[in-house]
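**Q** Below are the structure tokens for one structure; questions will follow.
The values are calculated or read from the model by the stated rules, or taken from the named source; none is laboratory data. The structure displayed is predicted, hence computed values, not measured ones. In this analysis, Cβ positions are derived from the backbone assuming ideal geometry, glycine residues included, and neighbour counts consider all displayed protein chains. Accessible surface is based on the protein model in full, side chains and every heavy atom, while ligands, DNA and RNA are left aside. Shrake-Rupley method; radii C 1.70, N 1.55, O 1.52, S 1.80 Å.
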Amino acid sequence: MSVVKDSGARALQPPFEPEHEELRETIRRWVETEIVPFQDEWEERREFPRELFDRAAELGFLGLKYPESLGGQGGDQLHDSVWAEEIAAAGMCGGVGAGLGAHTGIATPPVWTFGTEEQHERFLRPAIAGTKIGALGITEPGAGSDVASIRTRADKVDGGYVVNGSKTFITNGVRADFLVCAVRTTPEGGHGGISFLILERDMPGYEVTRKLEKLGWHSSDTGELAFTDVEVPDENLLGGENEGFKLIMSNFQWERLLMSLGAVGGMDWCLRATIDYALERQAFGRSIGSFQAIRHKVAGMATKLEAGRALSYAALRLLADGQDALREVTAAKLFTQRAAVEVADDAVQIHGGYGYMREYRVERALRDARLGPIGGGTDEIMKEILGRGFGL
Ligand SMILES: Cc1cc2nc3c(=O)[nH]c(=O)nc-3n(C[C@H](O)[C@H](O)[C@H](O)COP(=O)(O)OP(=O)(O)OC[C@H]3O[C@@H](n4cnc5c(N)ncnc54)[C@H](O)[C@@H]3O)c2cc1C
């Protein structure tokens, strides 16, 4: 795709520095050469190959923000943010971004933040090396937005816990080697009685019951899991008992920011593809981009992209600085996920009939973007968080 003046060729924006842009270029090159040519095949097959994790690990992408002592790159949240933005765009293949992103963005961060040294060795080191794939299991068939109502139970026994229950919509759920799993450790409901256990796929009673079919993200696996008397040793308790809600909340901020950055990457891709197309496609003896209606639509797309970028980068600057960014992250997530759907829809419209065809990729962009206003906390929940934050 050609780089068009005033789009794509953007100035360096804080908090990013030249070293981050070098990483961005490296990831883009990898995506273009090792992901884009195979995307259609992986989407058809409903799975990208397991080896993509190995390759990402080999290039250091699975451990960007983790210390070298654990096999990571010794970077920080900013390096991981570049990865999120670029991999979510991934030549507009949400499934690849989702699978790799769930591993690096939501499954491993709690192990790093709340895990013991022993847990770092057992789960984080192999996750960084790509030899173990991780997933995060919070959602259940009867509990999504209302996290506090989860019912998967972990009963305390001598030396560990016995887990019974189920999880659904789990990204990487089918092939994950370990699941960072929210469980209820007190008989009372509510926020107080939630803990996290790391469940391992080879534990007896741990079963993948279904690989779910979905609107988009076709090359990522989304699993439904059931646990029947799964014996989990004490060493697999992540963080304190009954302190799981803290883990959920700390993870959500990061996940939502990564989703915002991902949407920015996706909108950027859609805009560039659409400008290229609008310049080339002829109708009534001129390029369609010269019609005011199309030009204005493109202007609207670019405005949403830049507004989304500004919100997301502002939230990132706060988080990277160690400050509370609840309001900023929530607003960024709310705005960017809806904007990404609208931008992808405009991209399809400007591509006309070709936009509805698989080969033009904007079709996939629209399907993939639709998850954004639902996953990682819905639009309605984002509005609740923002509204309540004003004391309403
Ligand atoms: C492809 C995919 C991948 C996912 N990956 C993961 C994963 O890896 N791990 C994981 O744990 N989860 C995952 N999820 C789950 C996702 O986070 C939930 O789907 C999401 O949080 C919404 O929960 P729900 O689907 O149960 O909807 P519900 O909570 O049942 O909501 C249904 C509707 O009611 C609205 N609603 C609910 N409560 C309120 C309220 N208080 N005020 C106003 N409206 C309200 C919601 O906004 C929504 O519109 C994934 C989901 C999908 C689709």
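**Q** Answer with yes or no whether LEU305 is of a type outside the set (Gly, Ala, Ser), within 16 Å of the ligand (Cβ to nearest atom) and modelled with pLDDT of 95 or more.
**A** Criteria not met by LEU305.
**Q** Of the residues that make up region 132-139, is at least one surrounded by fewer than 22 Cβ atoms within 10 Å (Cβ to Cβ), within 10 Å of the ligand (Cβ to nearest atom) and either in a loop (DSSP other than H, G, I, E, B) or among the hydrophobic types (A, V, I, L, M, F, W, C) (or both)?
**A** Yes, there is a match, as at least one residue in region 132-139 is surrounded by fewer than 22 Cβ atoms within 10 Å (Cβ to Cβ), within 10 Å of the ligand (Cβ to nearest atom) and either in a loop (DSSP other than H, G, I, E, B) or among the hydrophobic types (A, V, I, L, M, F, W, C) (or both).
**Q** Are any residues in region 178-228 within 13 Å of the ligand (Cβ to nearest atom), small (Gly, Ala, Ser) and either at pLDDT below 95 or in contact with a helix residue (DSSP H, G or I) (Cβ under 7 Å, 6 or more places away or on another chain) (or both), and if so, which ones?
**A** Those that are within 13 Å of the ligand (Cβ to nearest atom), small (Gly, Ala, Ser) and either at pLDDT below 95 or in contact with a helix residue (DSSP H, G or I) (Cβ under 7 Å, 6 or more places away or on another chain) (or both): ALA182, GLY216, SER219, SER220.
**Q** Let me ask another. If you go through region 144-172, how many residues are open to solvent by less than 30 Å² (accessible area, probe 1.4 Å) and closer than 23 Å to GLU255 by Cα?
**A** 9
**Q** Output the number of residues of region 38-68 satisfying the condition of being out of contact with any His (no Cβ under 9 Å at 6 or more places or on another chain) and part of a helix (DSSP H, G or I).
**A** The qualifying residues number 13.
**Q** Only one of ALA283, ALA310, ALA273, ALA293 is buried (at least 18 other Cβ atoms within 10 Å of the Cβ) and at negative phi. Can you tell me which? Spell out the reasoning first.
**A** Working: ALA283 fails: buried (at least 18 other Cβ atoms within 10 Å of the Cβ); ALA310 fails: buried (at least 18 other Cβ atoms within 10 Å of the Cβ); ALA293 fails: buried (at least 18 other Cβ atoms within 10 Å of the Cβ).
Sole residue among the options that is buried (at least 18 other Cβ atoms within 10 Å of the Cβ) and at negative phi: ALA273.
**Q** Hey, among ARG175, ARG125, which residue is of a type outside the set (S, T, N, Q), surrounded by fewer than 21 Cβ atoms within 10 Å (Cβ to Cβ) and either within 13 Å of the ligand (Cβ to nearest atom) or assigned to a strand (DSSP E or B) (or both)? Even if it seems obvious, please write down each step before you answer.
**A** Values: ARG125 fails: either within 13 Å of the ligand (Cβ to nearest atom) or assigned to a strand (DSSP E or B) (or both).
Sole residue among the options that is of a type outside the set (S, T, N, Q), surrounded by fewer than 21 Cβ atoms within 10 Å (Cβ to Cβ) and either within 13 Å of the ligand (Cβ to nearest atom) or assigned to a strand (DSSP E or B) (or both): ARG175.
**Q** Separate question: What is the one condition in (1) farther than 27 Å from PRO204 by Cβ; (2) in contact with a helix residue (DSSP H, G or I) (Cβ under 8 Å, 6 or more places away or on another chain); (3) at pLDDT below 95 that LEU247 does not satisfy?
**A** Unmet for LEU247, out of (1) farther than 27 Å from PRO204 by Cβ; (2) in contact with a helix residue (DSSP H, G or I) (Cβ under 8 Å, 6 or more places away or on another chain); (3) at pLDDT below 95: (1).
**Q** Quick check on region 364-376. Is at least one of its residues more than 14 Å from GLY94 (Cβ to Cβ) and within 15 Å of the ligand (Cβ to nearest atom)? Walk me through how you get there before you give the answer.
**A** Within region 364-376, the subset more than 14 Å from GLY94 (Cβ to Cβ) is none.
There is no residue in region 364-376 that is more than 14 Å from GLY94 (Cβ to Cβ) and within 15 Å of the ligand (Cβ to nearest atom).
**Q** Okay, moving on. In region 377-392, what count of residues is obtained for those that are within 6 Å of the ligand (Cβ to nearest atom) and part of a helix (DSSP H, G or I)?
**A** Residues in region 377-392 being within 6 Å of the ligand (Cβ to nearest atom) and part of a helix (DSSP H, G or I): 3 in total.
**Q** Restrict the check to region 111-122 and report whether at least one residue is over 12 Å from the mean Cα position of the chain (by Cα) and within 16 Å of the ligand (Cβ to nearest atom). Before you say what the answer is, go through the steps one by one.
**A** Of all residues in region 111-122, those over 12 Å from the mean Cα position of the chain (by Cα) come to 111-122.
This time we only want the ones that are within 16 Å of the ligand (Cβ to nearest atom), so: 111.
Checked against the condition, which is being over 12 Å from the mean Cα position of the chain (by Cα) and within 16 Å of the ligand (Cβ to nearest atom), region 111-122 yields at least one hit.
**Q** Right, here's the next one. From the set of residues in region 355-386 that are of a type in the set (A, V, I, L, M, F, W, C) and over 16 Å from the mean Cα position of the chain (by Cα), which is surrounded by the fewest Cβ atoms within 10 Å (Cβ to Cβ)?
**A** As a first pass, look at region 355-386 and keep what is of a type in the set (A, V, I, L, M, F, W, C): 357, 362, 365-366, 369, 371, 374, 381-382, 385-386.
Those still in the list that are over 16 Å from the mean Cα position of the chain (by Cα) too: 357, 362, 366, 381-382, 385-386.
On the way: MET357: 13, VAL362: 26, LEU366: 24, ILE381: 19, MET382: 22, ILE385: 18, LEU386: 15.
Applying the filter and picking the extreme gives MET357.
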